[in-house]
Amino acid sequence: MTGTDDDGAQTKTGHGNHPTGELVRQVMAELIAQQQAKVTACAARIDPRLTADDLLQPHDFPALARDPAFNYEDGVLAGLRSAGAALRAAFARGSWITERP
């Protein structure tokens, strides 16, 4: 089923006007990728020598650990990843959409 959003763009929907699981997965993946790019750019401003692997353990690098902007962006990324995991679990259970009377 397709519909339109507030800007008139076509959207795919499932039950009623709820977005399909695939659309939700795609949007979450885009949000996570955008936030990962922000985290990487923030870390590069602090220490350009850091690699993507280094960012998996940012508290091993004192300059990152004490930077509030980096910690904020990294926390947003962690939240998005948690939300993505919760959505994947809900999709697996088949319970991500509940019909309300």
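Coordinate-derived values only; no laboratory data. All figures in this text were calculated on a predicted structure; none of them were measured in a lab. Quick reminder, even Gly has a Cβ in these numbers, built from the backbone with ideal geometry, and neighbours come from all protein chains shown.
Summary table below
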quantity: Label-point separation, residue 44 to residue 32 (7 Å along Cα→Cβ), nm; calculated: 2.2 nm
quantity: Whole-number Å³ per residue for the convex hull built on Cα positions in the range 20-92; calculated: 82 Å³
quantity: Phi to ³J(HN,Hα) by Karplus 6.51 cos²θ - 1.76 cosθ + 1.60 over the range 59-70, Hz, x for Gly, Pro; calculated: 6, 6, 10, x, 5, 6, 4, 9, 8, x, 5, 4
quantity: At most 16 other Cβ within 10 Å, DSSP loop - GluC sites (Glu not before Pro), the range 21-99; calculated: 99
